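Scroll down for the structure; my scribbles are underneath it.
The values are calculated or read from the model by the stated rules, or taken from the named source; none is laboratory data. These numbers were taken from a predicted model, which means no experiment stands behind them. Virtual Cβ from ideal backbone geometry, glycine too; neighbours counted across all protein chains shown. Note: areas computed on protein heavy atoms with side chains; ligands, DNA, RNA excluded. Shrake-Rupley method; radii C 1.70, N 1.55, O 1.52, S 1.80 Å.
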Amino acid sequence: MTFLNETEVNAFSPAPLPSKPKTNFHLKDGLARHGLLSPEQLGGRTFPVACVALEITQRCNLDCTLCYLSDLAEAVKDVPLFELERRIDMIHHHYGDHTNIQITGGDPTLRSNADLVKTVEMIKARNMRCALFTNGIKASREMLTELSAAGLNDVVFHVDMTQERKGYVSEDELNKIRLEYIDRAAGLPLRILFNTTVFDGNFREIPALVSFFCDHAETVDFASFQLQAETGRGVMGERNAALITQESVMQQLREGTGLQLSFDHPLIGHPDCNKYTALLISGDARTQLYDDVAFFAKVFEAVSRTGNDWSNSIGLMKSAIYKAMVSPSLLWGGLKFWVRKLWALRDGLLRGKRVHRINFFIHNFMDAKKLERARCETCVFMVATADGPLSMCVHNAKRDHMVTKPVRGADGKMEPAS
């Protein structure tokens, strides 16, 4: 395996600004160049990018053993609001409406509530989606209520053993915190998501954690498992490659759900980077959603050019139903599909249990010094830098340089970042 050398990493540039707004085909072109623009592929075909991280601070109130931040993080000034607005405009110019923006850091809740509300409002004013990525310590019910009123779509809680929260010695014990965070967001118009970093210390607990998320599918929409990577100021180094791989984590998810899950369809970007699946749950009954490859390939193709928000399940369902009504093959395929799903969920449905959907994602981030060109050029998770969107793994590989670059002040002059 050949990795990018230091010179190549430093030369890896942000995606160029498209000459016309909302016409950035950087991801699509990269996937096509590397033979990954297949019928199973969502990236580049149904959306121009999966999400863009907007880092509004480098400060954090935890010091995780697998922290991706720079050692210089605490010395870096928060990005001023006028520069955040410029970057939000830039994201919209690149990718257009419905783009998913991650308000992140560091921990973004260390910014003032007023700054957070203003950031959400700026994103929503451009018809894009936004998620708050936080360890949850300062994300109070009052804060989440205020942010949801401003238009926040999702709250993503990062909770795991790498954070070394005092008094918690297992992922099972950390479920107390997860339940507290679920309660904080319950009833608000927010999707609730959880991030978990996978390392030696919690690998064997994954099946039980997956089962916990399934048991709370009525409130938890999405659970992401991020494989250990050597970046930033973390102290744990490289993962144990004999224990932690994409395949081994997929097998842990299969054990936790009790289903022989397939992760080959749909694809989201490079298959060595991302694995995805979704379940339908009714009571104790569970079934995989995307298990009919041929049918969903037709559905993805039919709705790929409708300009929908791909995070809006109801909107997508309406679009898919409309397409099916004018396509006999899609209509017949859809009827057969739902008959099978209803039969698989019959035990829960007969007991009056509602059907809930939960999504599982595996992120296989690369070590900072082991970047593969193909994966960097097909990245679906970008970071909004001062110069444009840049692959998250590339950004992490040269984070010291990226976060200490001067920013242009309100008077047009360059201001130091630290």
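How about the range 9-25: which of its residues are surrounded by 13 or more Cβ atoms within 10 Å (Cβ to Cβ) and in contact (Cβ under 8 Å) with a residue 24 or more places away in the chain?
Val9, Asn10, Phe12, Pro14, Ala15, Leu17, Pro18, Pro21, Lys22, Asn24
Residue-by-condition table, conditions (1) open to solvent by 40 Å² or more (accessible area, probe 1.4 Å); (2) in a loop (DSSP other than H, G, I, E, B); (3) closer than 18 Å to Lys138 by Cα:
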{"site": "Ile177", "(1), (2), (3)": "no, no, yes"}
{"site": "Asp200", "(1), (2), (3)": "yes, yes, no"}
{"site": "Ile206", "(1), (2), (3)": "no, no, no"}
{"site": "Cys214", "(1), (2), (3)": "no, no, no"}
### Message
For the range 211-230, give me each residue that is in contact with a helix residue (DSSP H, G or I) (Cβ under 7 Å, 6 or more places away or on another chain) and within 18 Å of Ile362 (Cα to Cα).
### Response
Ser211, Phe212, Cys214, Val220, Ala223, Phe225, Leu227
### Query
Within the range 372-410, which residues are in a loop (DSSP other than H, G, I, E, B), of a type outside the set (Lys, Arg) and over 14 Å from Gly30 (Cβ atoms)?
Ala386, Asp387, Thr404, Pro406, Gly409, Ala410
### Query
Condition test on Gly151, is it over 23 Å from Arg354 (Cα atoms) and surrounded by fewer than 21 Cβ atoms within 10 Å (Cβ to Cβ)?
yes
### Message
Take Gly44 and tell me if it is on the phi > 0 side of the Ramachandran plot and either touching a Leu at 6+ places or on another chain (Cβ under 8 Å) or in contact (Cβ under 8 Å) with a residue 60 or more places away in the chain (or both).
### Response
yes
### Query
Does the range 241-255 contain at least one residue that is farther than 30 Å from Pro48 by Cβ, outside any loop (DSSP other than H, G, I, E, B) and of a type outside the set (S, T, N, Q)?
yes
### Message
Considering only residues that are of a type outside the set (Asp, Glu) and assigned to a loop (DSSP other than H, G, I, E, B), which ones fall in the range 146-166?
### Response
Gly151, Leu152, Asn153, Val159, Arg165, Lys166
### Task
Name, by its number, the condition in (1) closer than 20 Å to Asn135 by Cβ; (2) in a loop (DSSP other than H, G, I, E, B); (3) in contact with an Asp or Glu (Cβ under 9 Å, 6 or more places away or on another chain) that does not hold for Val169.
(3)
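Pick from Asn61, Asn100, Asn127, Asn113: which is of a type outside the set (Val, Ile, Thr) and closer than 20 Å to Cys393 by Cα?
One residue alone meets the criteria, Asn100.
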